[in-house]
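Engineer: Got a structure here, written out as structure tokens. Questions coming.
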Amino acid sequence: MSSSPSLNTWSDALSGFSIGWFPLGLVIVAAIPLVFIALYALTYGVYGERKISAFMQDRLGPMEVGFWGILQTLADILKLLQKEDIVPTVADKFLFVIGPGILFVGSFLAFAVLPFGPAFIGADLNVGLFYAVGIVAIEAVGILAVGWGSNNKWALYGAVRSVAQIVSYEIPASIALLCAAMLAGTLSMQQITMMQAGPGGFMHWFLFTNPIAWLPFLIYFISSLAETNRAPFDIPEAESELVAGYFTEYSGMKFAVIFLAEYGSMFMVSAIISIAFLGGWTSPLPNIGGLELNTMTSGPVWGAFWIIMKGFFFIFVQMWLRWTLPRLRVDQLMYLCWKVLTPFSLVSFVLTAIWVINH
Amino acid sequence: MNQLTIAIIFYIFAAVTVLSAAFVVFSKNVIYSAFSLLFTFFGVAALYVFLSADFIAVTQVVVYVGGILVLLLFGVMFTNTIMSTELKADVLNVVPGILLTLLLIVGMLFTFYTTGNWMPGPVQLNGSVVESIGLETMSRYMLPFEMVSIVLLVALLGAAYLARYDKANKKEH
């Protein structure tokens, strides 16, 4: 399905590899994003978030375990592994156990279409962007399973709030991404990225080539915060009213799986916004005359570096917002979605269409 | 991937679809039935992928899992005494049921064997399916497309009207 010969070479070579009938290469392709989520969630996700939040509040954060508390995450994992795996007696055992699984699968499935550099993508679908937006639905069902399975008022409230939020904010998010798809003329993640590649670096990105693209960019960013339950839209796990929301009853490794799913979807939305508006794995540095910065910083490994860095940048913005903005009320949340973001996303859709036709 | 691998993956998804669909029907717990539907819808989406209809597969997930299943779960969860309701899964009409089932199976097998292979369409699709769908929707199937959009708009207005806060009676209906 690749258009240029160098595209997807690594993943194609890997997926062709199999032992007998068993497609070992495909399993490895699927395992790479999984290992990535785990590593990033442990290092940047847990330790990074604790440090960033600490610095923002003029604290030091974890300092005791290792140099500057760098082994704190390791200690946390050991603690989580040792914890008793509690299933409440009145909980729905079956749903309580499979809920975190469905939740994680829902957030992990979208990684199949995220291009980690020009040479690596799980599956270069020609409906990639649509798939990434749609597959979040499975996560919503997982949250409902977790909330209902816990048999707890707070958990159920948290789950219902979370799903209502995900379902509502899917609409402005999808329309905003549709604007990017319209600019690219394709839904394939690799093709959208290729449309934004060029010697000028960041100057070819949709955000900077188009006078309206900032509007869908902003709308998608706000909606993605709501879809991943991040502050200021973290009412599903509002500590002051719902204890911990839909995962109140979870402990030990099941809690860790829910946490991984949350970090997975945080990176997922950050990568999608980078691909749709900020050129995905393309290098931001332009070629300046003889100094060919863009050519030097392009290629499969650099591509992986750039997409991960862009993703990490947006995760940093998400953390930054979490420690600066207060939480919205439920009615404010719905007002923002239906009366602000949806009309503006429709406006940006029409404006983008006019721009695409006349350009 | 060789044919055997594809066949194995296909049968796994087919088994998931059929077994979860059976669970939806035979389970005595409404909640379990509703959650089992997730696997049915997902399996059907995977079967669409095997038919090279990737757009329809994703649409299946978006519409059925994201829309209908979530609505269904909300409906089930907000119903009082949902856990204490006894579901009747008894077999009542044995003879007509078996007759109907046999007729259906015979009819399907007859069609399968007389048609031979699954009929390929007159036009083979090449390249992106999305573009073809977009072009066809905006040209040949323009009228149905617009009619569907008007029906959906009316449904949306009706839903908003019903859910609206009634200022005159000071209560929500």
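Engineer: When the residues of the range A:18-40 are filtered to those that are farther than 17 Å from B:Ile8 by Cα and without any contact (Cβ under 8 Å) to a residue 40 or more places away in the chain, which remaining residue is nearest to the other protein chains (Cβ to nearest Cβ)? It would help to see each step written out before you state the result.
Structural biologist: The first filter runs over the range A:18-40 and keeps only residues farther than 17 Å from B:Ile8 by Cα, leaving A:28-40.
So of that shortlist, the ones also without any contact (Cβ under 8 Å) to a residue 40 or more places away in the chain come out as A:28, A:31, A:35, A:39.
Details: A:Ile28: 14, A:Ala31: 17, A:Val35: 23, A:Leu39: 28 Å.
If we take residues in the range A:18-40 being farther than 17 Å from B:Ile8 by Cα and without any contact (Cβ under 8 Å) to a residue 40 or more places away in the chain, then A:Ile28 is nearest to the other protein chains (Cβ to nearest Cβ).
Engineer: Right, something else. State whether one or more residues within the range B:78-95 are surrounded by 11 or more Cβ atoms within 10 Å (Cβ to Cβ), at pLDDT 80 or above, away from every other protein chain (no Cβ under 14 Å) and farther than 30 Å from A:Gly99 by Cα.
Structural biologist: No: the range B:78-95 contains no residue that is surrounded by 11 or more Cβ atoms within 10 Å (Cβ to Cβ), at pLDDT 80 or above, away from every other protein chain (no Cβ under 14 Å) and farther than 30 Å from A:Gly99 by Cα.
Engineer: Please go through the range A:127-169 and give me each residue that is of a type outside the set (Val, Ile, Thr), under 14 Å from B:Gly67 (Cβ atoms) and more than 7 Å from every other protein chain (Cβ to nearest Cβ), ordered by number. Write out each step before concluding.
Structural biologist: Step one: list which residues in the range A:127-169 are of a type outside the set (Val, Ile, Thr), which gives A:128-132, A:134, A:137, A:139-140, A:142, A:144-145, A:147-159, A:161-162, A:164-165, A:168-169.
After this cut, where a residue has to be under 14 Å from B:Gly67 (Cβ atoms) as well, the list is A:134, A:137, A:140, A:144, A:164, A:168.
Across the range A:127-169, the qualifying residues are A:Ala164, A:Ser168.
Engineer: Go through (1) more than 23 Å from the chain's Cα centre (by Cα); (2) assigned to a helix (DSSP H, G or I); (3) surrounded by fewer than 15 Cβ atoms within 10 Å (Cβ to Cβ) for A:Val90 and report which single condition fails.
Structural biologist: The single condition A:Val90 does not satisfy is (2).
Engineer: From the list A:Phe233, A:Phe267, which one is in a loop (DSSP other than H, G, I, E, B) and buried (at least 24 other Cβ atoms within 10 Å of the Cβ)? Outline the logic, then answer.
Structural biologist: Values: A:Phe267 fails: in a loop (DSSP other than H, G, I, E, B).
So the residue among A:Phe233, A:Phe267 that is in a loop (DSSP other than H, G, I, E, B) and buried (at least 24 other Cβ atoms within 10 Å of the Cβ) is A:Phe233.
Engineer: For A:Thr186, all conditions in the list (1) away from chain B (no Cβ under 11 Å); (2) part of a loop (DSSP other than H, G, I, E, B) hold save one; what is the number of the exception?
Structural biologist: (1)
Residue-by-condition table, conditions (1) farther than 16 Å from A:Pro115 by Cα; (2) touching a Gly at 6+ places or on another chain (Cβ under 6 Å):
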{"position": "A:Ile275", "(1), (2)": "no, no"}
{"position": "A:Pro284", "(1), (2)": "yes, yes"}
{"position": "A:Phe305", "(1), (2)": "no, no"}
{"position": "A:Val317", "(1), (2)": "yes, no"}
{"position": "A:Leu336", "(1), (2)": "yes, no"}
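Engineer: Search the range B:25-69 for residues being within 27 Å of A:Phe130 (Cβ to Cβ), aliphatic (A, V, I, L, M) and away from chain A (no Cβ under 11 Å), and hand back the single one that is surrounded by the fewest Cβ atoms within 10 Å (Cβ to Cβ). Before you say what the answer is, go through the steps one by one.
Structural biologist: Of the range B:25-69, the ones within 27 Å of A:Phe130 (Cβ to Cβ) are B:34-69.
From what is left, the residues that are aliphatic (A, V, I, L, M) are B:34, B:37-38, B:44-47, B:49, B:51, B:53, B:56-58, B:61-63, B:65, B:68-69.
Now restrict to residues that are away from chain A (no Cβ under 11 Å): B:44, B:46-47, B:51.
On the way: B:Val44: 20, B:Ala46: 19, B:Leu47: 17, B:Leu51: 10.
Per the criteria, the residue is B:Leu51.
Engineer: Then there is this: If you go through the range A:270-302, how many residues are modelled with pLDDT of 75 or more, part of a helix (DSSP H, G or I) and not aliphatic (A, V, I, L, M)?
Structural biologist: 5
Engineer: Report whether or not A:Glu227 is at negative phi and out of contact with any helix residue (DSSP H, G or I) (no Cβ under 6 Å at 6 or more places or on another chain).
Structural biologist: On the way: at negative phi: yes; out of contact with any helix residue (DSSP H, G or I) (no Cβ under 6 Å at 6 or more places or on another chain): no.
No, not satisfied.
Engineer: Those residues that are over 24 Å from A:Asn151 (Cα atoms), aromatic (Phe, Trp, Tyr) and more than 13 Å from the chain's Cα centre (by Cα), I need them from the range B:1-51; list them, please.
Structural biologist: B:Phe10, B:Tyr11, B:Phe13, B:Phe50
The values are calculated or read from the model by the stated rules, or taken from the named source; none is laboratory data. Quick caveat, the model's predicted, so the values are computed rather than measured. Using ideal geometry, Cβ is built from the backbone for each residue, glycine included, and neighbour counts are taken over all protein chains shown.
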